[in-house]
1. If the Cβ limit is 8 Å and pairs must be 6+ apart or interchain, which residue in the range A:204-231 that is without any contact (Cβ under 8 Å) to a residue 60 or more places away in the chain pairs with which residue that is outside any helix (DSSP H, G or I)?
2. Could you check, for the range B:91-101, whether at least one of its residues is surrounded by fewer than 23 Cβ atoms within 10 Å (Cβ to Cβ), under 19 Å from the mean Cα position of the chain (by Cα), at the interface with chain A (Cβ under 7 Å from one of its Cβ atoms) and touching a residue at least 40 places away in the same chain (Cβ under 8 Å)?
3. Could you please find all residues in the range B:191-217 being among the hydroxyl-bearing types (Ser, Thr, Tyr), assigned to a strand (DSSP E or B) and touching a Ser or Thr at 6+ places or on another chain (Cβ under 8 Å)?
4. Return the residue satisfying two criteria in turn: it lies in the range B:106-127 and is more than 9 Å from chain A (Cβ to nearest Cβ) and in contact (Cβ under 8 Å) with a residue 24 or more places away in the chain, and of such residues it is surrounded by the most Cβ atoms within 10 Å (Cβ to Cβ).
5. From the list A:Gly518, A:Gly487, which one is crowded, with 17+ Cβ neighbours inside 10 Å and within 35 Å of the chain's Cα centre (by Cα)?
6. What about A:Glu371, is it among the acidic types (Asp, Glu) and either closer than 30 Å to A:Ser77 by Cα or surrounded by 17 or more Cβ atoms within 10 Å (Cβ to Cβ) (or both)?
7. Output the residues belonging to the range B:148-165 that are buried (at least 24 other Cβ atoms within 10 Å of the Cβ) and either of a type in the set (S, T, N, Q) or at the interface with another protein chain (Cβ under 10 Å from one of its Cβ atoms) (or both).
8. Looking at the range B:1-21, is at least one residue over 16 Å from B:Asp215 (Cα atoms), touching a Phe, Trp or Tyr at 6+ places or on another chain (Cβ under 7 Å), in contact (Cβ under 8 Å) with a residue 24 or more places away in the chain and away from every other protein chain (no Cβ under 14 Å)?
Amino acid sequence: MMLNHHIKVAIRGIRKQGVYALLNIFGLSVGLVLGLFVILLVRHELSYDSSFTHNSRIYRVATEGVLGNNNINSATSPMPLAVMLREMDDVEEVVRFIPGANNVVSYEDKHFNEDGFMFGDSTFFNLFDFNFLEGVDPVIFNAPRQLVVTESIAYKYFGKTDVVGEVLEREGISYQIVGVCEDVPGATHFQFGFVASLSTIDEILLNKADSAYLENWKNDWLYLNCYTYLKLKGGVASDAFMDKVNQQKDKLFVPQVQEVVEDEQAGNSIELSFFAQNIKSIHFDSHLDGELRVNSKPIYIKLFVFVAIFVLLTTCINFMNLTTAKLRVKYQEVGYRQLVGASRTQLIAQFLVEALVYGLGAMFIGMVLLELMLPFLNQFFGLNLEFDFFRGWVDFFGILVVLLFVGLLAGSFPAFFFSGRKPGKLISGSYKIGKTGFVVRGLLVASQFGVAMFLVVVATAMWWQINYVRTNDHGFESDNVIVVERGHAVRNNLEAFKNELKKIDGVEYVSACNSLPGDDHFQGAFRISNGEEERVHMLPINYIDEEYFKVLGLQLKAGRFLSDELGDSLGINLNIAAIKKLDLRKPLDEKLEVYGNRNWSLSTVGVIKDYHFESYFTEIRPLALMLLPEKMRFEYILIKKGKALDMQAVRSVWDKYSEGAPFVYSMLTDRINGLYDDDVRIAKIMSVFALLSLFIALLGVIALVAFVIEYKSEGIAVKNILGATRQLIMTQVFSMYGIYVVLGVVLASFPAYWAIQAWGSSYAYFDFIGGFVFVFWALVLMLLSFIATFIQAFRGVSLRPVNS
Amino acid sequence: MIHARNLTKVLRDGSIESTILQNVNLDIEQGEYVVILGPSGSGKSTLINIIGLIEMPTSGELFFMGHEVSRLKDRQRSNLRRGGIGFIFQNFGLIDELNVYENIELPLKYLKYSKRERQDKVANILSKLQVSHLKHYFPKQLSALQKQLVGVGRAIITNPDLIVADEPTGNLTSACGNKIMEVLSSLNEEGFTIVMATHSALEADRGQRVIQLFDGHVVTENIKNRL
């Protein structure tokens, strides 16, 4: 009965307050949109790999240890591990897969570069239970050259999903499709379009090497060449199980290590052990070498949750401030209600219902806004979030909980504040808020400006760093360099291809290489002797041709660049970091032996200056550059262009030499910038949060100024009568709380500094924003708060004495 | 019905003490129409607030309907007030968000009367005060007199033991004030006990008994109309 009354009063109150109420509701809805968006974001991040049945029992087995002078910390594992695991009692299922290289897949006249081609064990789909649209569910591979494709791939090549029995070609091997599964959900730590039977690898390797190599590849414990996943039986603890695995592994692994060490007469230690990562934890906090996708950083999630909670809190605070700003009217109303018989409980209920009605309105606006904005937000932030209020009870109740939380929180202060007052003082209008009340409100404003300051400074620092990594001198020139994917397609006629390209106007240099900045590099093991002792080092290697140096504009420190003409097939260029790591005192006189082959000795012909061949997340590591051996597969063609280049002409030359391979190209600068896409996305999100929190903080100022003016209206009117100027009164109003703005801004600088440092620690090269950025934003925030005061106070201080 | 003995009210503001009421004694019987008369600052509003159980005396005793109430807790006084005392305010005290009907109905809602009872009672009051035609109007659409009539209606809707009116004509023209005075007189004739504070001697004449206050003391007590 009273509920109807409370709701009616609340709705009429909103109508009566007009713009003021709308401002209040809109402020609340902005907070709720942010809150909902963060909930979606966090839920998406936490939902990774939850689509697999029994995901709590599925683990990836990763490898850690020491190999010579190198630490191993890899998501990959050796092939024989799975064989051993399958024989253990606690294991229900073991599956390996190997991601294939970016290669052309063909069907009739359709040719596409595909980097989502994997090779999986026969029971791959037993463990990873994707739904099948076609074929037996789940498909069990029982022969080489069998293939499962996803729904999207089926449509891409055949325009339909009914494609079981069709054949696709890849690198001269025909694969028969035995099943079509649903697309891999976006929230999965690996992605694929094709899964072929792992046994096909035998054929692929035998095409390129002998059977001894194949056997070695399949049985070598030191070769981390696959990803191994297992499902434990129910009730088996993963830690205890992995202890058993490592003990059992030693029986098989140690003899091989001893053999290698004896063969190589190396005194280096080789120690590997395995550890299990629950599949659901991988996206969230695994950052090993060889990750299948870029994983999340927990700090972002913490930051988002922190921001969302704070934004929600500050919007609630604004609501409280705006609600209690019209104090005098409210006081008297409460007094009258008390005297006509309202109990305290009834008054509390009235305020809470009022807040809930506001909250409901804000939630409705917020949900509509989110629904409308989500496609843009997804596009802008590069996300794939879904929002469907009616998707399930969990969502419904989740939103209900948020609404109740916000409503009760926002309404609680006015409810308990007003209902506890004595009616005599309320109706007489003589009730005054004490100094504490002002201080509390001031501190609330301080906290709002603190959050706004924190966010704008952190967002600025992020953009500052992103700008730094984009514009800093990488040690090479990426501008005007075109990257053509899968350059291997022109391998057979590379020289002719290059020569013909160079005839096109605008082409300056053409080169081939295996890795680009940001790619994983080959790892080579080298033995170096300094006369006293022998050491083994792992070095990243990039195979290149001699024009690579010109295309990228690399610089020499000593010696010369690799050259075909000078017969450098056994030559090597090292960067300065490598010289330091290998401790080569006279590098040009040194020889590096390829580990495992004492007859293959490389001469250091030149030392190149360090350049960022990886992202700025890692320090410049040692690097070895070697000329591409004949017939070796390589990934990219690089074209250094002048200002204008007819890409159609380049494509024609490509088509002439590539035997139908698709012409896919990008600019090197874009690829390098793409290495920081995740951080750009986070910076965008933080910027939006910063803007909204600024809006909320300004709303807070407006609420506070409304309160101050309401509270001081008599004093202001008196000052008007006495001839005080409007500016003077406004300055006085501002000075009443300006100190809190300053306080919030200053205090927020410390956590902001800490957060920037924490965020920046993921970079090896970090350009910290200067102190002037802090000062700049502090001044801007103070200026904005003064403008908000000016606008809000203008009306207030213009009160004619007679109205007050 | 109401008996006050040595009521004293002292207000403290820091180190300054002001005595608002001093040793006030009074007796009000059921069905009486008592006017508390005095200039601004005489303590009449404080006295009427104490009688209406809104404020507590600093010392002295107050009996309301046989209960000693001067030391009751807020909640206990509130319980006695609810339905037992009707208040009429100088500035009407209407709730802006509620229309005439709802304003008058409000005390019944708080007292959890059934909908049927509320409808009947509100209809009676609207009719008695001749404001039925205004029942859908909101306070801001009413004249000052109409507002106060609604205020009176709300005060009597629970058929209270006592009506407390603090300067009920303070915001009205003299003509409108007269109308309200007539309404109060007729309510008294119906049996309502009324205590009214005013600074107007003319209005005080409407009461059966006038208690004159000056600087917190009862200076005269006139019972001219008692007979």
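1. A:Ile204/A:Glu171; A:Ile204/A:Ile173; A:Asn207/A:Gly172; A:Asn216/A:Tyr223
2. Scanning the range B:91-101 turns up at least one residue that is surrounded by fewer than 23 Cβ atoms within 10 Å (Cβ to Cβ), under 19 Å from the mean Cα position of the chain (by Cα), at the interface with chain A (Cβ under 7 Å from one of its Cβ atoms) and touching a residue at least 40 places away in the same chain (Cβ under 8 Å).
3. Result: B:Thr198, single match.
4. Residue satisfying both the conditions and the ranking: B:Val122.
5. Numbers: A:Gly518 fails: crowded, with 17+ Cβ neighbours inside 10 Å.
Checking each option against the conditions leaves just A:Gly487.
6. no
7. Once the filter is applied, which keeps residues that are buried (at least 24 other Cβ atoms within 10 Å of the Cβ) and either of a type in the set (S, T, N, Q) or at the interface with another protein chain (Cβ under 10 Å from one of its Cβ atoms) (or both), the range B:148-165 yields B:Gln148, B:Gly151, B:Arg154, B:Ala155, B:Ile157, B:Val164.
8. Going residue by residue through the range B:1-21, those that are over 16 Å from B:Asp215 (Cα atoms) are B:1-5, B:12-16.
Still in the running and touching a Phe, Trp or Tyr at 6+ places or on another chain (Cβ under 7 Å): B:2-3.
Checking which are in contact (Cβ under 8 Å) with a residue 24 or more places away in the chain leaves us with B:2-3.
Then drop every residue that is not away from every other protein chain (no Cβ under 14 Å), which leaves B:2-3.
Yes; the residues of the range B:1-21 include at least one that is over 16 Å from B:Asp215 (Cα atoms), touching a Phe, Trp or Tyr at 6+ places or on another chain (Cβ under 7 Å), in contact (Cβ under 8 Å) with a residue 24 or more places away in the chain and away from every other protein chain (no Cβ under 14 Å).
The values are calculated or read from the model by the stated rules, or taken from the named source; none is laboratory data. If you're wondering where the values come from, they're calculated on a predicted model, not measured in any experiment. So basically every Cβ, Gly included, is an ideal-geometry build from the backbone, and we count neighbours across all protein chains shown.
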